[in-house]
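Heads up: the structure comes next, in structure tokens.
The values are calculated or read from the model by the stated rules, or taken from the named source; none is laboratory data. Not measured: the values here are computed from a predicted model. A quick note on method: Cβ atoms are made from the backbone with ideal geometry, for glycine too, and the neighbour counts reach across all protein chains shown. We work out accessible area using only protein heavy atoms, side chains counted, and drop any ligands, DNA or RNA first. Shrake-Rupley method; radii C 1.70, N 1.55, O 1.52, S 1.80 Å.
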Amino acid sequence: MSAQIPAVRSTEQLREKWMKPEVISGSEILLRSLLLEGVECVFGYPGGAVLYIYDAMYGFDDFHHLLTRHEQGAIHAADGYARASGKVGVCIATSGPGATNTVTGIATAYMDSVPLVVITGNVATSLIGTDAFQEADITGITMPITKHSYLVRDAEDLPRIIHEAFHIANTGRKGPVLIDIPKDVSAQKVRFEPEHSIDLRGYHPTVVPNRLQLDKLVAAISEAERPVILAGGGVIYSGGHEGLLEFATRSGIPITTTLLGLGAFPSGHDLWMGMPGMHGTYTANQAIQQSDLLISIGARFDDRVTGRLDGFAPHAKIVHIDIDPAEIGKNVKTDIPIVGDVKTVLEMLNPMVGYSSKADAWRAQISRWKQEKPFKYKDSEDVLKPQWVIEMLNDTTHGEAIVTTDVGQHQMWTAQYYKFNQPRSFITSGGLGTMGFGFPAAIGAQMAHPDRLVISINGDGGMQMCAQELAICAINKIPVKIVVINNQVLGMVRQWQELIYDNRYSHIDLAGSPDFVKLAEAYGVKGLRATSKEEAERAWQEALDNDGPVLVEFVVHKGENVYPMVTQGSTIDQMLMGDCE
Amino acid sequence: MTKNHVIAVLVNDQPGVLQRVSGLFGRRGYNIESITVGQSEEPGLSRMVIVTEGDDTTLEQIEKQLYKLIDVIKVVNLSANPMVSRELALIKVKAEPAERPEIMGVVETFRAAVVDIGAGSMMVQVIGDTEKIDAMIELLRPYGIRELSRTGVTAMTRG
Ligand SMILES: Cc1ncc(C[n+]2csc(CCOP(=O)(O)OP(=O)(O)O)c2C)c(N)n1
């Protein structure tokens with residue numbers, strides 16, 4: 001299978017073509033600078049304030065520009081591209097409403113440390129501050145949700161700013177950087193000087209950890225009787241997954257991976273305990289709570305992982321490895337802080353680490369828990385169960401697809417029942433929990449990997465938050481397989497209302513949803529529906545056999561809940577087991 | 001234990017940098033007692049002096065969060081070491097001619113200065129650490145304070 005996406009030329013050729021110092025407009029400088037940063041694909045939406053930029057793109061084919069149908073689609077697609085590729089995602093929006101439409105996506109990327117460069121237009125410098133038509137103070141609005149931002153006042157600064165922005169976005173703790181370009185700056189003609197070294201005095205992420213701290217960790221491992229590794233998204237972002245596998249196998253320490261860490265460790269491995277936290281495994285949560293040494297690697301102790309904080313891992317010595325020093329001690333008191341790039345830390349650590357030989361009884365206990373309390377659901381022959389659908393997707397793709405999800409029950413079932421074995425194969429909004437993210441993110445992921453199978457799993461609620469991007473799939477023949485798990489309700493909200501709000505189902509009924517098959521077809525995307533196992537298998541096979549985009553709607557049982565569940569205010573070993581009992 | 005901390009933050013002299021710093025405090029729920037900004041010894045860099053209240057863990061987080069801002073070059077906890085801290089206040093106090101000698105007495109004791117005299121008022125300028133300024137204000141209060149403006153603390157470590 002392959003997307004009908006034309007190949008981009010090599011950066012060498014591009015450099016030769018574009019590196020000439022000459023007098024050009026700010027807009028042309030922008031495009032050339034993007035090319036010099038290796039950008040292949042940009043997602044955007046034009047408007048008055050970026051018209052010079054779009055004019056410069058006329059006939060330009062050295063990177064792809066995908067015209068989404070909403071700026072939210074553009075920024076989530078750029079985010080999905082970045083998460084799938086490890087490169088910086090780029091999005092362009094116009095001033096005012098265009099820029100503010102990117103806010104949710106910027107916050108999503110910020111919470112999950114995803115490298116993005118967001119380019120917004122602004123009104124001309126002479127109009128800034130006058131409440132001019134389509135003016136919004138987007139640098140001000142996004143200050144709390146960007147890693148850094150620039151309001152460009154002179155086109156001469158553009159090459160430097162763009163170079164800095166890419167550097168900041170994709171180093172240290174990664175994150176979104178905003179470049180706001182007033183209209184006159186994009187028109188201004190100046191001499192383009194392509195080469196720029198970076199000189200940021202206030203920005204020096206610590207990559208190499210302190211050796212003495214590593215010694216302390218090694219000593220702690222040899223003492224520990226109940227050690228646990230908690231690995232998060234930082235492992236994937238740093239490219240540290242191989243180092244992690246080596247660390248776990250050398251030390252023999254059981255490991256749990258957070259939602260964003262899924263794929264950082266092979267799910268079939270003996271040492272893997274599954275995901276921890278609110279909808280995590282019994283094993284992972286018990287192991288954390290009973291551990292005497294908890295080694296967090298590239299994870300930030302989110303409250304969805306820790307549950308009630310004052311009862312979290314009460315017996316454990318805590319080791320926290322993170323590139324961002326501000327994460328250490330933020331939520332959980334740390335005994336051995338290690339600041340550094342996860343990959344580098346693991347490379348230095350691995351030769352020092354021995355097998356944790358005091359932990360044999362612990363490993364046996366964990367195997368028993370895994371046997372006794374796996375994820376479970378009651379299957380049915382009359383109605384489709386969503387968990388069964390995810391298992392089928394897993395079985396038919398051998399766990400090898402890139403899977404994006406939206407937010408809700410289907411997201412948790414995917415995390416539970418799809419078996420991820422490779423980094424960057426699970427793309428989901430963890431920190432912000434953004435509905436509307438999953439489908440456009442899949443478009444971005446497919447642009448990053450035209451030859452891989454990309455599956456976008458959505459609820460019937462979230463699918464309606466960015467459904468307009470079906471157009472992009474159809475027009476550009478982007479072969480994403482779009483799954484809609486249709487339970488006719490806002491499922492995750494329904495679950496909370498059932499369990500915590502006494503069955504008071506306030507405003508969760510999605511009656512009035514479109515016929516998803518017809519909706520897909522209206523955009524020129526193939527649509528299929530399944531209401532039984534047999535239909536489901538047949539429809540899914542048809543989707544896989546088709547080399548274009550296909551939407552498959554699985555009509556599933558409405559009252560299904562995600563189990564286990566830790567309710568708010570409980571410690572993570574106090575789990576509602578539901579069907580997993 | 002919560003107490004007052006004085007921190008100096010060396011920042012790039014960029015538009016918006018004050019907003020970045022103060023926004024960080026607001027968003028993360030840290031308290032700002034006072035904040036002053038001005039030039040530093042190096043062109044292109046400003047120094048902010050921030051007085052904040054919190055326990056040691058909060059202070060540690062504040063320092064770390066500040067370092068995350070790209071425009072922040074250096075953060076120093078001034079109150080960790082012996083330091084000199086100064087604040088300036090202008091106090092416009094009600095002063096009928098008959099009360100003036102008495103007020104002058106207070107001013108002289110504090111080595112403050114009268115910088116303006118109006119028909120029914122005097123403007124007093126006082127420089128010193130926060131406690132001195134607080135004390136001066138308390139002493140002038142009985143006469144009737146019409147207007148008061150304090151700059152906030154600026155500070156440096158000794159030596
Ligand atoms: C933009 C946004 N609005 C609201 C929410 C709150 N929310 C979380 S899950 C959920 C229900 C999602 O329903 P659906 O998309 O049908 O998925 P399901 O849970 O049924 O799988 C809602 C409303 C959110 N996460 N994001």
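Bridging of B:LYS94 to lysines at a Cα separation below 23 Å is possible for B:LYS132, once same-chain residues fewer than 8 apart are set aside. Look at the alpha carbon pairs under 8 Å that are at least 6 residues apart: their mean separation over the length of the stretch B:3-80 gives a relative contact order of 48 percent. Taking B:ARG100, A:ARG32 and ordering them by how much accessible surface each has at a 1.4 Å probe, largest first, produces B:ARG100, A:ARG32.
With a Cα-only, solvent-free Debye model of the stretch A:439-581, what are the log10 I(q)/I(0) values at q = 0.21 Å⁻¹? The computed values of log10 I(q)/I(0) come out as -1.19. Note on A:TYR501 and B:ASN4: the model spin-label points, each 7 Å out from Cα along the C-beta direction, lie 4.7 nm apart. Give me the percent of the accessible area of the protein assembly as shown that comes from carbon and sulfur atoms, probe 1.4 Å, all protein chains in place. Whole-percent figure for carbon plus sulfur exposure: 50.
Out of every Cα-Cα pair that the protein assembly as shown contains, those further apart than 47 angstrom amount to 28 percent. Could you tell me the calculated FRET efficiency between B:LYS94 and A:LEU309, based on Cβ-Cβ distance and R0 = 56 angstrom, to the nearest 0.05? Efficiency at R0 = 56 Å is approximately 0.55. Listed by chain and number, the lysines placed with their C-alpha closer than 17 angstrom to that of A:LYS378 are A:LYS533, A:LYS558; residues fewer than eight positions away on the same chain are left out.
Pairs of lysines in the stretch A:11-192 whose Cα atoms sit within less than 28 Å of one another amount to 11, provided the residues are eight or more positions apart or on different chains.
Could you work out the local net charge near A:ASP270, counting Lys and Arg as +1, Asp and Glu as -1, over the other residues with Cβ closer than 12 Å to its Cβ? Working shown, then result.
Details: positive: A:ARG363, A:LYS370; negative: none.
Within the 12 Å Cβ shell, the charges total +2.
If one takes the accessible area of chain A alone plus chain B alone and subtracts that of the pair, with a 1.4 Å probe, what total in Å², rounded to the nearest 100, results? Roughly 1500 Å². Contact with the other protein chains removes 30 Å² or more of accessible area, compared with the isolated chain and a 1.4 Å probe, from these residues of the stretch A:142-177: A:MET143, A:PRO144, A:HIS148. Using heavy atoms of the protein chains and a probe of 1.4 Å, the accessible area assigned to A:TRP540 is about 0 Å².
Okay, helix-only estimate at 222 nm for the protein assembly as shown: each DSSP H run of n ≥ 4 adds -39500 (n - 2.57), divide by all residues, round to 500 deg cm²/dmol; what do you get?
Numbers: 27 runs with 252 residues, N = 740.
Calculated from helices alone, the mean residue ellipticity at 222 nm is -9500 deg cm²/dmol.
For the stretch A:386-562, a crude dipole built from +1 on the beta carbon of Lys and Arg and -1 on the beta carbon of Asp and Glu, taken about the Cα centre, is about 280 debye to the nearest 20.
Modelled label positions at A:ASN421 and A:HIS196, each set 7 Å beyond Cα in the direction of Cβ, lie 4.4 nm from each other.
With contacts taken as Cα pairs under 8 Å at a separation of at least 6 residues, chain A carries a relative contact order of 15 percent.
What the phi angles of the stretch A:530-536 give under the Karplus curve with 6.51, -1.76 and 1.60, with θ = phi - 60°, is a coupling list of 9, 10, 9, 4, 5, 4, 4 Hz, glycine and proline written as x.
To the nearest 10 square angstrom, how much accessible area does A:MET465 have with a 1.4 angstrom probe? The value for A:MET465 is about 100 Å².
Rolling a 1.4 Å probe over the heavy atoms of the protein chains gives the stretch A:386-562 an accessible area of 35 Å² per residue.
Tell me the relative contact order for chain B as a rounded percent, counting alpha carbon contacts under 8 Å between residues six or more apart.
Worked out over chain B, it gives 27 percent.
Between A:LYS376 and A:PHE60, the contour length at 0.36 nm per residue exceeds the alpha carbon distance by 108.5 nm.
Note on chain B: GNM, Cα springs under 10 Å; of B:ALA95, B:ALA119, B:ALA80, the largest mean-square fluctuation is that of B:ALA119.
For the stretch A:49-60, 3J(HN,Hα) computed residue by residue from phi via the Karplus equation (6.51, -1.76, 1.60; θ = phi - 60°) reads 6, 10, 5, 4, 5, 5, 4, 5, 7, 4, x, 7 Hz, glycine and proline entered as x. A:ALA99 sits among other residues whose Cβ lies under 12 Å from its own Cβ, and their net charge, with Lys and Arg +1 and Asp and Glu -1, is -4. Cross-link candidates for A:LYS358: which lysines have Cα within less than 26 Å, leaving aside residues fewer than 8 places away along the same chain? By straight Cα distance, A:LYS358 reaches A:LYS216, A:LYS317, A:LYS333, A:LYS370, A:LYS373.
The mean count of C-beta atoms from other chains within 10 Å of the C-beta of residues in A:517-525, rounded to a whole number, is 0. Taking all protein chains as they are arranged and a probe of 1.4 Å, the heavy atoms of A:PHE60 leave approximately 40 Å² accessible to solvent.
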